[in-house]
1. Output the residues belonging to the stretch 132-145 that are within 12 Å of ligand 2 (Cβ to nearest atom) and closer than 16 Å to residue 118 by Cα.
2. Tell me the residue from 121, 40 that is surrounded by 21 or more Cβ atoms within 10 Å (Cβ to Cβ) and modelled with pLDDT of 95 or more, please.
3. Given 116, 169, which one is touching a residue at least 12 places away in the same chain (Cβ under 8 Å) and within 16 Å of ligand 2 (Cβ to nearest atom)?
4. Here are some conditions: (1) over 17 Å from residue 8 (Cα atoms); (2) buried (at least 16 other Cβ atoms within 10 Å of the Cβ). Residue 214 meets all but one. Which one does it not meet?
5. Here are the criteria: (1) over 26 Å from residue 99 (Cβ atoms); (2) in contact with a strand residue (DSSP E or B) (Cβ under 7 Å, 6 or more places away or on another chain); (3) within 16 Å of ligand 1 (Cβ to nearest atom). Tell me which single one residue 180 does not satisfy.
Ligand code: DX5
Ligand code: ZN
């Protein structure tokens, strides 16, 4: 299976969000990655539920919603109602991760867990079979356009072997600083989905850039 691409609208032109989403609809993107930042879990604020619903109104691709927020349990239903197909919560923001994953699934969404660069994939060992997607952060969350952390390749390999050892069906997503240089090695290491924000939206031809990433 070829790699799946999830462009992050964080890097898009918010004043023209409908056009940006229509561009993604016309592209080979597999998901639309939606970054929610609360100014508490991460040192930045992006946008929230109404903007997610507005994106969903025009989207023909499933929304992959990345919650960089504290107390995510309080907002799962609202983001599901706003159109989220995948809801990822941060490992570091959940005291009862297993319960949170069940709550996401009960809403009919796929359950994802995002881990910060300092969080070991080993911490997911006892819950991996309950996770549809692990989002490995390859930058410290909070901002687009940051430099990719090289240690990510080892984390992807480690996670891939954990998934295989446990016989889980979990997908591996990489988020932060993804570009054409690191994408091939990420794929070789075991990544299934690549999030790309600035690399896609700062390109002259985003549709072509998505196609090129996908054909790696
Ligand atoms: C970072 C976000 C990322 C970000 C990726 O906190 O979770 O999804 O938008 O943007 P780039 O690809 O520019 O690093
Ligand atoms: Zn993200």
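1. Within the stretch 132-145, 135, 136, 137, 138, 139, 140, 141, 142 qualify.
2. None of the other options fit; the residue is 121.
3. 116
4. (1)
5. Only one criterion in (1) over 26 Å from residue 99 (Cβ atoms); (2) in contact with a strand residue (DSSP E or B) (Cβ under 7 Å, 6 or more places away or on another chain); (3) within 16 Å of ligand 1 (Cβ to nearest atom) is unmet by residue 180, namely (2).
The values are calculated or read from the model by the stated rules, or taken from the named source; none is laboratory data. Predicted, not measured: the structure shown is a model, and the values here were computed from it. All Cβ positions, even for glycine, are placed from backbone atoms using ideal geometry, and neighbour counts span all protein chains on display.
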